[in-house]
Amino acid sequence: MDPLNIISGEIIKAAFEVHKHLGPGLLESTYEGCLMHELLESRYNVRSQVPLPVNYKGKSIDVGYRVDLLVEDQVIVELKSVERLLPIHSAQILTYLKLSGLKLGLLINFNTVRIREGIQRFINSKADKKQVF
């Protein structure tokens with residue numbers, strides 16, 4: 001099985017666990033901390049609020065973008081706690097994938113009755129495996 005599928009499956013499993021214990025309606029930062037805890041307990045390398053610079057004319061410029069969670073330096077996890085996901089949320093994670101050159105991203109909205117309805121998976125078909133973090 002593809003390593004990215006294994007990692008993303010474990011992230012989703014951890015999101016289910018967090019949602020089961022906390023339910024909807026809390027701040028995004030709460031879910032971020034708890035999801036990070038679950039992944040660290042599962043022995044994954046996880047970093048939070050990772051700066052994502054923009055490469056502009058060959059220069060790396062920090063303009064304030066932050067990836068909520070970066071798992072195994074391979075999967076971007078963008079977390080939300082909103083009434084519903086909007087197209088701008090999808091655009092955000094697709095932009096993060098493009099800027100990073102990574103292949104896989106997950107968008108997870110914890111403010112849902114059923115967490116399954118709040119999870120979206122995104123693939124960067126132009127991933128070149130460069131990493132700017």
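Values in this text are rule-based calculations from the coordinates and carry no lab data. In this text, all values refer to a predicted model and were calculated from it rather than measured experimentally. Heads up, the Cβs are rebuilt from the backbone with ideal geometry, glycines too, and the neighbour counts pull from every protein chain shown.
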Next item on the list: Can you put ASP68, ASP73 in order of Cβ neighbours within 10 angstrom, beginning with the fewest?
Entry: ASP73, ASP68
Notebook entry, point to check: Name the trypsin sites (Lys or Arg not before Pro) in segment 1-109 that are in a loop by DSSP and that have at most 13 other C-beta atoms within 10 Å, would you?
Noted result: ARG43, LYS57, ARG84
Notebook entry, point to check: Given the C-alpha centroids of segment 50-88 and segment 12-37, what is the distance between them in whole angstrom?
Noted result: 19 Å
Next item on the list: Of the listed pairs LYS20/LYS98; LYS59/LYS103; LYS57/LYS80; LYS57/LYS103, which have alpha-carbon separations greater than 30 Å here?
Entry: LYS20/LYS98; LYS57/LYS80
Margin query: I need the calculated FRET efficiency for the pair VAL54 and PHE122, taking r as the beta carbon distance and R₀ as 22 Å, to the nearest 0.05.
Written below: 0.70
Item checked: Per-residue ³J(HN,Hα) for segment 34-44, Karplus 6.51 cos²θ - 1.76 cosθ + 1.60, θ = phi - 60°, Hz, x for Gly and Pro -> 6, 5, 4, 4, 4, 5, 5, 4, 8, 6, 8
Next item on the list: Would you please name the GluC sites (Glu not before Pro) within segment 19-83 that are DSSP coil residues with at most 15 other C-beta atoms within 10 Å of their C-beta?
Entry: GLU83
Notebook entry, point to check: Going by the alpha-carbon gyration tensor, a ≥ b ≥ c the square roots of its eigenvalues, is the chain rounded (a/c under 1.5) or, if a/c is not under 1.5, prolate (a/b greater than b/c) versus oblate?
Noted result: prolate
